[in-house]
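The values are calculated or read from the model by the stated rules, or taken from the named source; none is laboratory data. These numbers were taken from a predicted model, which means no experiment stands behind them. Cβ placement follows ideal geometry from the backbone for every residue including glycine, while neighbour counts extend to all protein chains displayed. Please note that ligands, DNA and RNA were not included when accessible areas were found on the heavy atoms of the full protein model with its side chains. Shrake-Rupley method; radii C 1.70, N 1.55, O 1.52, S 1.80 Å.
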Amino acid sequence: MTDPRFLLEKHIKYIQELDTHQDDLQYWLTEHLRLSGVYWGLTALNLMGCCDALPREEMIDFVLACQHDNGGFGAQKGHDPHLLYTLSALQVLVIRDALDRIDTEKSVQYIASLQLPSGAFTGDNWGETDARFVYTAFNALSLLNRLDAIDIDASIQYILSCHNFDGGFGFAPGDESHGGAAFVCLGTLAIAQKLHLIATDQCASWLSERQLPNGGLNGRPEKLEDVCYSWWDLSSLSILGRVDWISWEKLMEFILSCQDPEGGGFSDRPGNMVDVFHTLFGVAGLSLLGMEGLEEVDPVYCMPKKVMERVMKGRRAHSRLCVAKVYVTGTISTSPDNTTMTSTSWDPWNDEEAVNNTPVVPPIQTERPPTSRPNCSAALWEEANKQAPVPQVKIGAPALAQRTMYKPEVKLLRRESPSNSSTNLNALQQKSKRELEEERKEKERRYAEARERILGSGNANPSPVPMRPVSGASGASGASGAGRTLVTREAPREQSGVLRRPEGPESGRGGFRGRGRGGRAN
């Protein structure tokens with residue numbers, strides 16, 4: 001039974017009505033998110049146990065209409081292909097069990113073509129790179145069972161270069177640690193079975209510090225809480241097996257407080273507008289917290305666990321090989337009729353070369369998933385596994401000893417020292433003197449122009465005429481002029497090469513101080 005605080009019926013109705021607002025401006029302003037929105041809504045409905053709340057064929061037809069000839073998918077019909085929307089399309093087709101409706105090999109080639117020699121991936125042909133796209137590629141290729149199409153080791157090194165000293169991850173090497181970056185980096189490592197390369201507790205400690213007193217989680221220190229981090233941070237802790245490092249009760253209360261009690265859906269914070277993005281991650285976060293009545297969610301793929309179990313059915317041998325690849329290497333061969341399998345393996349920790357930290361894990365040759373072979377049923381494949389099982393993972397002391405935390409290299413950039421310091425210093429000093437002299441002459445020229453403009457151009461080389469206050473002058477004093485000070489001009493003084501600023505009256509109109517003629521004193 002679902003928790004009564006969870007507005008199940010309202011959330012279902014909210015998602016079902018999302019596509020009925022086509023006369024709303026907001027609908028078209030979010031067109032660039034359309035395909036991802038379909039994935040968000042469909043996944044949320046599946047987690048709430050309403051798999052058929054949206055029309056299946058209409059949804060599949062829309063996804064197929066977004067695919068391009070190169071195998072990639074755009075966010076909407078006519079939009080350029082992008083890695084993010086390619087993953088969303090594949091996730092929708094996997095949930096709908098309709099992968100056979102597309103040429104998956106084209107999508108594999110499209111994704112693989114976006115990998116760079118550094119191991120990073122670009123989002124599209126325009127070159128933007130960060131850790132999100134590495135995770136997106138690994139997620140998509142894992143769903144297609146084609147991780148062999150890319151250089152896994154190079155991508156893992158790129159992900160490790162995003163690992164920071166505080167235990168978190170940035171979206172790119174040197175970036176600030178971020179909760180979303182932690183999810184994509186840990187998700188990539190989990191898919192590649194490389195989580196042993198990081199310090200689990202240090203990373204989990206940074207993630208657990210993201211919880212605020214109100215129970216919500218933020219993405220970075222000193223930031224506000226947000227429902228979406230109830231997924232990014234919480235799923236990362238789940239991947240690391242450290243969900244109990246935060247307060248479940250407080251986080252659940254915060255997520256539930258972000259519901260819209262009238263129209264359904266979740267917002268980022270209580271009282272804000274809802275959207276399908278936060279609705280999915282609010283529901284997914286509650287699923288990770290074990291709310292009764294919700295389907296279990298896979299913390300790595302953000303898809304229902306029952307869907308992932310169906311996807312992985314028939315791949316047991318392949319999955320076990322991926323796990324064993326870190327520790328056990330071997331080769332696989334199949335019979336001509338693709339119905340039996342034999343394998344050979346060896347334990348590298350019993351090999352002297354392996355103990356000496358020499359790379360001893362060559363690529364394992366694997367066949368395509370058995371489900372893609374004609375006339376090959378899952379039962380037949382399971383029987384073949386029983387007859388020739390893949391070796392189990394063997395973790396010995398040497399393996400545990402090599403589990404060290406990745407330490408990013410820190411480089412200090414310094415200026416190169418001059419080859420002849422005294423000569424270069426003198427040259428810089430001489431250059432500085434010349435610049436100062438030119439600056440002084442330029443100031444003199446501008447001052448002379450201003451003085452000529454103010455005092456008149458009758459004298460080609462006018463001299464400043466200072467003014468001297470004179471007290472007690474007669475004729476100007478009286479009832480209205482008592483206490484005033486009269487000003488007389490002094491004769492110009494000859495000063496060799498010295499330019500003096502004219503001294504204006506302290507008050508009154510016509511002076512030179514303040515904001516020009518007649519201005520106030522500053």
**Study point:** Filtered residues of region 225-260 (kept if under 12 Å from GLY285 (Cβ atoms), of a type in the set (Val, Ile, Thr) and part of a helix (DSSP H, G or I))
**Key:** VAL243, ILE255
Review point. Is one or more of the residues making up region 9-21 under 27 Å from the mean Cα position of the chain (by Cα) and either open to solvent by less than 40 Å² (accessible area, probe 1.4 Å) or closer than 23 Å to TYR135 by Cβ (or both)?
Key: yes
Exercise for review: Considering each residue of region 23-51, count those that are open to solvent by 70 Å² or more (accessible area, probe 1.4 Å) and either under 16 Å from LEU93 (Cβ atoms) or in contact (Cβ under 8 Å) with a residue 24 or more places away in the chain (or both), and give that number.
Suggested key: 1
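When the residues of region 138-155 are narrowed to those that are out of contact with any helix residue (DSSP H, G or I) (no Cβ under 7 Å at 6 or more places or on another chain) and in a helix (DSSP H, G or I), which ends up surrounded by the most Cβ atoms within 10 Å (Cβ to Cβ)?
Our first condition is that a residue be out of contact with any helix residue (DSSP H, G or I) (no Cβ under 7 Å at 6 or more places or on another chain); within region 138-155, this holds for 148, 151-154.
In the following step, the residues that additionally are in a helix (DSSP H, G or I) were identified as 148, 152-154.
Values: ASP148: 14, ILE152: 21, ASP153: 14, ALA154: 16.
Filtering region 138-155 for residues that are out of contact with any helix residue (DSSP H, G or I) (no Cβ under 7 Å at 6 or more places or on another chain) and in a helix (DSSP H, G or I), the one surrounded by the most Cβ atoms within 10 Å (Cβ to Cβ) comes out as ILE152.
Can you tell me which of ASN164, ASN145 is touching a His at 6+ places or on another chain (Cβ under 8 Å), polar (S, T, N, Q) and in contact (Cβ under 8 Å) with a residue 40 or more places away in the chain?
Values: ASN164 fails: touching a His at 6+ places or on another chain (Cβ under 8 Å).
Exactly one of ASN164, ASN145 is touching a His at 6+ places or on another chain (Cβ under 8 Å), polar (S, T, N, Q) and in contact (Cβ under 8 Å) with a residue 40 or more places away in the chain, namely ASN145.
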Study note, to complete from the structure: Per the list (1) open to solvent by 10 Å² or more (accessible area, probe 1.4 Å); (2) among the small types (Gly, Ala, Ser); (3) modelled with pLDDT of 95 or more; (4) assigned to a loop (DSSP other than H, G, I, E, B), residue check on GLY263 breaks on (3)
Revision key, fill the gap. Among the residues of region 70-79, the number that are buried (at least 20 other Cβ atoms within 10 Å of the Cβ) and at positive phi is 1
**Study point:** Filtered residue count, region 104-157, keeping only those that are of a type in the set (Ser, Thr, Tyr) and closer than 16 Å to ALA190 by Cβ
**Key:** 4
Review point. Between residues in region 53-69 that are open to solvent by less than 40 Å² (accessible area, probe 1.4 Å) and residues that are of a type in the set (S, T, N, Q), which pairs lie under 7 Å by C-beta distance while being six or more apart or on different chains?
Key: ALA53/GLN16; LEU54/GLN16; CYS66/GLN76
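Specify which of the listed residues (SER236, SER230, SER247, SER287) is open to solvent by less than 10 Å² (accessible area, probe 1.4 Å) and farther than 30 Å from ALA154 by Cα.
Working: SER236 fails: farther than 30 Å from ALA154 by Cα; SER247 fails: open to solvent by less than 10 Å² (accessible area, probe 1.4 Å); SER287 fails: open to solvent by less than 10 Å² (accessible area, probe 1.4 Å).
The unique qualifying residue is SER230.
When you scan region 288-300, do you find a residue that is touching a strand residue (DSSP E or B) at 6+ places or on another chain (Cβ under 9 Å) and in a loop (DSSP other than H, G, I, E, B), even just one?
Taking region 288-300 and keeping what is touching a strand residue (DSSP E or B) at 6+ places or on another chain (Cβ under 9 Å), we get 288, 295-298.
From the residues that got through so far, the ones that are in a loop (DSSP other than H, G, I, E, B) too are 295-296.
Yes: one or more hits.
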Point to revise | GLU222 at pLDDT 95 or above, surrounded by fewer than 17 Cβ atoms within 10 Å (Cβ to Cβ) and either out of contact with any helix residue (DSSP H, G or I) (no Cβ under 8 Å at 6 or more places or on another chain) or assigned to a loop (DSSP other than H, G, I, E, B) (or both) | key: no
